[in-house]
1. Given the criteria farther than 30 Å from Asp72 by Cβ and either without any contact (Cβ under 8 Å) to a residue 24 or more places away in the chain or β-branched (Val, Ile, Thr) (or both), does Ala106 qualify?
2. For Thr128, only one of the following conditions fails: (1) β-branched (Val, Ile, Thr); (2) more than 26 Å from Ala75 (Cα to Cα); (3) outside any loop (DSSP other than H, G, I, E, B). What is its number?
3. Name the single residue that is farthest from Ile62 (Cα to Cα) among those in region 89-133 being touching a strand residue (DSSP E or B) at 6+ places or on another chain (Cβ under 9 Å) and buried (at least 16 other Cβ atoms within 10 Å of the Cβ).
4. For region 68-114, name all the residues that are among the acidic types (Asp, Glu) and modelled with pLDDT under 80.
5. If a residue has to be free of Cβ contacts under 8 Å to residues at least 12 places away in the same chain and either closer than 17 Å to Ile141 by Cα or assigned to a helix (DSSP H, G or I) (or both) to count, how many in region 109-122 make the cut?
Amino acid sequence: MTNRARNNVIAGFIVVIFWVTLVIPTIVKAADPIVTNSTSSSEVTTKTDSTSRVRTNPPSAISPSMNSSNSDLCAIGWSGSVQTQILGISTGQMYRDQNCERLKIASKLYDMGMKVAAVAVMCQDWRTYDAMLKAGTPCPINGLIGDEAAAAWKVNPKQQPIKEVVKTTNRGEWLEKFANGLIAVVLMALLAK
């Protein structure tokens, strides 16, 4: 064996011993978990000064509540409110329902046995008056019923209930109302800014 081959074998043997003694045990140990114990402590001190300024009150327009859940109440309520940063408006109103009142009065009179009086109360509405006349049973007047009442109605036409004329809105009136409403909405939007 030549010196060169012998030197190569010795070098290879040294490399194998190096790997077996140093590198392979490190790789095998790397698979084990590393456990470290540490202790730390910290102290934080914070000091904050803050100031808040309220420049305006919060909006507070509140619509008035109107109780209409009572079944013995013959009124219709509506309410509404608008609030801007500057101005708040709230309103509401109750309206009497005269037809509801008429029905309740007639019902109570009928319950008390006053049937002719109940019909007379109902006849204050032109629709009932017209229906009774068309049915051939004219409304009672001054204590008279039947044919006598029909003759009395002919003599006293001013006592007949006034027929309500249902007003229809033509296109021009509708457009005018729509334009006024639109202008009001735009002005309120400008006021809100």
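1. In short, no.
2. If we test Thr128 against (1) β-branched (Val, Ile, Thr); (2) more than 26 Å from Ala75 (Cα to Cα); (3) outside any loop (DSSP other than H, G, I, E, B), just (2) comes out false.
3. Of everything passing the filter in region 89-133, Ala120 is farthest from Ile62 (Cα to Cα).
4. Just the residues of region 68-114 that are among the acidic types (Asp, Glu), to begin with: 72, 97, 101, 111.
Asp72, the sole residue that qualifies.
5. From region 109-122, those free of Cβ contacts under 8 Å to residues at least 12 places away in the same chain are 110-115, 117; that's our starting set.
Filter once more, so that each one left must be either closer than 17 Å to Ile141 by Cα or assigned to a helix (DSSP H, G or I) (or both): 110-111, 114-115, 117.
Qualifying residue count, region 109-122: 5.
The values are calculated or read from the model by the stated rules, or taken from the named source; none is laboratory data. Bear in mind the structure is a predicted one, so any value in this text is a computation, not a measurement. Cβ: placed from backbone, ideal geometry, glycine included. Neighbour counts: every protein chain shown.
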